[in-house]
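Take a look at the structure below.
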């Protein structure tokens, strides 16, 4: 499941990061890994932007990030 499909408020575990769109560059994927979106890390989708879209407020580990839809759609998760 992609992070973009996780219900608001739900907890999950990161399974990996992969390009889900031709617009997702290798630099974007590397940046997500550097931010802590690595396999096994706990993640929670806190909030969605207006209309249920972006930005998405996400906590990975103990750090909160605001992600664009393109970035969040690259993150594979397993719901808890």
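Here, each number is a calculation from the coordinates, and none is a lab measurement. None of these values were measured; they are calculated from a predicted model.
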- Item | Helix-derived mean residue ellipticity, 222 nm - over the chain, DSSP H n ≥ 4, -39500 (n - 2.57), to 500 | -4500 deg cm²/dmol
- Added length on full extension, which subtracts the Cα-Cα distance from 0.36 nm per residue, residue 31 to residue 10: 5.2 nm
- Å³ per residue enclosed by the Cα convex hull of the chain: 75 Å³
- Item | Normalised contact order of the chain, rounded percent, pairs of Cα under 8 Å and 6 or more residues apart | 44 percent
